[in-house]
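Notes follow once the structure below has been shown.
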Amino acid sequence: MSLVGSTGSIGRQAADVVLGAPDEFQVVAIGAYRSVRYLADQAKVLRPRRVALADPSGAAELAELLPRGVELLVGAGALEAISVGADVVVNGVVGFAGLPVTLAALKDGRRLALANKESLIAGGPVVQAARRTPGAEIIPVDSEHCAVHQCLRAILSPDEMAGLPDTDTTRLRRIILTASGGPFRGMPASALREVTLAQALAHPTWSMGPKITVDSSTLMNKGLEVIEAHELFGVDYDDVQVVVHPQSVVHSMVETSDGATLAQLSDPDMRLPIGYALSYPERLGTPFGALDWTAARRLDFEPPDRDAFPCLDLAYQAGRAGGCAPAWLNGANEVAVEAFIGGRIRWVDIPKVINEALDHYSLGVPGSVEDVLEADRSGRHFARLVVERLGSTSAT
């Protein structure tokens, strides 16, 4: 396997899975953007043949720290270069930067263990074309989509699973994605005007990076997952529903044409979906997230508050528009979240930035990676204009 984005949250947990089953997996390459010392430490433990560093400023330091005989790749194409040649490529890169990794792995006819939802969302049509390369397949690492994937195996044959998203899914009535609700679940819109970054990063059940955690707090993470479900499984947006489930035990559900609901349950532990993606169609022998059914517990479900969390509907809006709109949305969201983390706008300004940026959307269906990149650039451009205006207004 090749572990791209190895120093992030997903990458570190993937390394845990590998080290827990040393006879089943061999890491041939690891890579990250700039975490030089952690990358060197991983190289000493995982013993890959190649290490990639996207930021060349740390190349000299990393070269000194790597074990003898390890090949070092440096620069903008380094992560893409280690995304070919392995049986399984884990894409744990954060944000839109994961698109080249996704495309490289699929065009090489490899299994892609996909934790980078933005690449599939932003580059949907381009990624789907690469996905049809013989041998290529996507196994989702997102806990929600991994849960859906596991449930679909009960109603689809192995060949039908391999044929997604082009498989006939008439036996599937709808997909239900569960959301924890984040740290602000139950708070009315009026109470969210002055929330802080520290509050937004205090996720009640999951430990994730700052960008994804902020997305969870706004429910944009769930909105992006709606688009991702459409791309992964070929279902209409009207057939993807979101429900809030604060315990994060039911990771998602599918409802069949005859009314049955199938669900995947476990304690929150990302090593379970990571291990599932690495070992599919087999199962790991380590029970990550196993539930203690002798303990008293309750499972609650409620609809999301769309007034307090408008990002969810913005994602549905972009997904239904299709074409380059999801790329535009994703670029605008990344700018808005970065501005919030940097203290330039308020939490409640995030959907304002995205909404105003989407008002300028004017592109069609992407026919190339460059079309996707242009949509991303345009979404970011208009989002930055809104951030500058909102920032100057709050400063006065």
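Laboratory data are not the source of any read-out in this text; all were calculated from the coordinates shown. What you are looking at is a predicted structure, and each value in this text was computed from that prediction instead of being measured. Here the Cβ positions follow ideal geometry from the backbone for every residue, glycine too, while neighbour counts run over all protein chains shown.
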**Request:** Go through segment 318-332 residue by residue and turn each phi into a ³J(HN,Hα) via Karplus (6.51, -1.76, 1.60, θ = phi - 60°); whole Hz please, and just put x for glycine and proline.
**Result:** 5, x, 5, 5, x, x, 8, 4, x, 5, 4, 4, 5, x, 5
**Request:** Give the cross-link partners of LYS107 among the aspartates and glutamates, using a straight C-alpha distance below 14 Å as the criterion and excluding same-chain residues fewer than 8 apart.
**Result:** GLU80, ASP87, GLU137
**Prompt:** FRET efficiency for ARG132 and GLU282, Cβ-Cβ distance as r, R0 = 30 Å, nearest 0.05?
**Reply:** 0.75
**Asked** Between exposed GluC sites (Glu not before Pro) in the chain, where DSSP calls loop and at most 13 other Cβ atoms lie within 10 Å, what's the longest gap?
**Response** 1-193
**Item:** Estimated [θ] at 222 nm from DSSP helical runs (n ≥ 4, -39500 (n - 2.57)) normalised by residues in the chain, nearest 500
**Value:** -13000 deg cm²/dmol
**Item:** the chain: relative contact order as a whole-number percent, Cα under 8 Å and 6+ apart
**Value:** 14
**Item:** Computed lengthening from LEU201 to SER362, 0.36 nm per intervening residue step minus Cα-Cα distance
**Value:** 54.6 nm
**Asked** To the nearest 0.05, how large is the calculated FRET efficiency for THR261 and ARG37 if R₀ is 41 Å and r is the Cβ-Cβ distance?
**Response** 0.30
**Message:** I need the phi-derived Karplus couplings for segment 13-18: 6.51 cos²θ - 1.76 cosθ + 1.60, θ = phi - 60°, integer Hz, Gly and Pro marked x.
**Reply:** 6, 5, 4, 4, 4, 5
**Request:** With springs connecting C-alpha atoms under 10 Å apart, model the chain as a Gaussian network and identify which of THR286, THR170, THR102 has the largest mean-square fluctuation.
**Result:** THR170
**Request:** Consider all pairwise Cα distances in segment 2-140 and report the whole-number % of them above 23 Å.
**Result:** 27
**the chain, dipole about Cα centre (Lys/Arg Cβ +1, Asp/Glu Cβ -1), debye to the nearest 20** = 760
**Request:** Can you put PHE301, PHE309, PHE184 in order of Cβ neighbours within 10 angstrom, beginning with the fewest?
**Result:** PHE301, PHE184, PHE309
**Message:** For ARG110, ARG306, which order do you get if you count the other beta carbons within 10 Å of each Cβ and list the fewest first?
**Reply:** ARG306, ARG110
**Item:** Those lysines that a straight Cα-Cα span of less than 26 Å connects to LYS352, excepting residues fewer than 8 apart in one chain
**Value:** LYS117, LYS211, LYS222
**Item:** GNM flexibility winner over the chain from GLY58, GLY331, GLY98 (Cα, springs under 10 Å)
**Value:** GLY58
**Message:** Taking amide H atoms as placed 1.01 Å from N in the peptide plane, list the residues 5 or more away in sequence, or in a different chain, whose amide H sits under 5 Å from that of GLN247.
**Reply:** ASP300
**Complete:** Restricted to the chain, the DSSP antiparallel beta bridge percent, nearest 5, is 30
**Fill in**
Distance in nm between ALA296 and SER157 label points, each 7 Å along Cα→Cβ, equals 4.9
**Request:** Tell me the label-point distance for the pair ASP313, ASP239, using the 7 Å Cα-to-Cβ offset, in nm and rounded to one decimal.
**Result:** 2.5
**Message:** Could you give each residue of segment 292-306 its phi-based ³J(HN,Hα) in whole Hz, using Karplus coefficients 6.51, -1.76, 1.60 with θ = phi - 60°, and x for Gly or Pro?
**Reply:** 9, 7, 7, 8, 5, 7, 10, 10, 10, 9, 7, x, x, 7, 6
**Request:** Considering only LEU299, LEU152, LEU363, give the residue with the highest GNM mean-square fluctuation for the chain, with springs between Cα atoms whenever their separation is below 10 Å.
**Result:** LEU299
**Fill in**
So the FRET efficiency between THR170 and VAL369, C-beta based with R0 = 30 Å and rounded to 0.05, is 0.35
**Asked** What fraction of the Cα pairs in segment 255-396, stated in percent, has a spacing above 23 angstrom?
**Response** 58
**Message:** I need the Kirkwood Rh of the chain: take the reciprocal of the average 1/r across all distinct C-alpha pairs and report it in angstrom.
**Reply:** 21.4
**Request:** Give, rounded to the nearest 20 debye, the magnitude of the charge dipole that segment 2-140 has about its Cα centre when Lys and Arg contribute +1 at Cβ and Asp and Glu contribute -1 at Cβ.
**Result:** 160
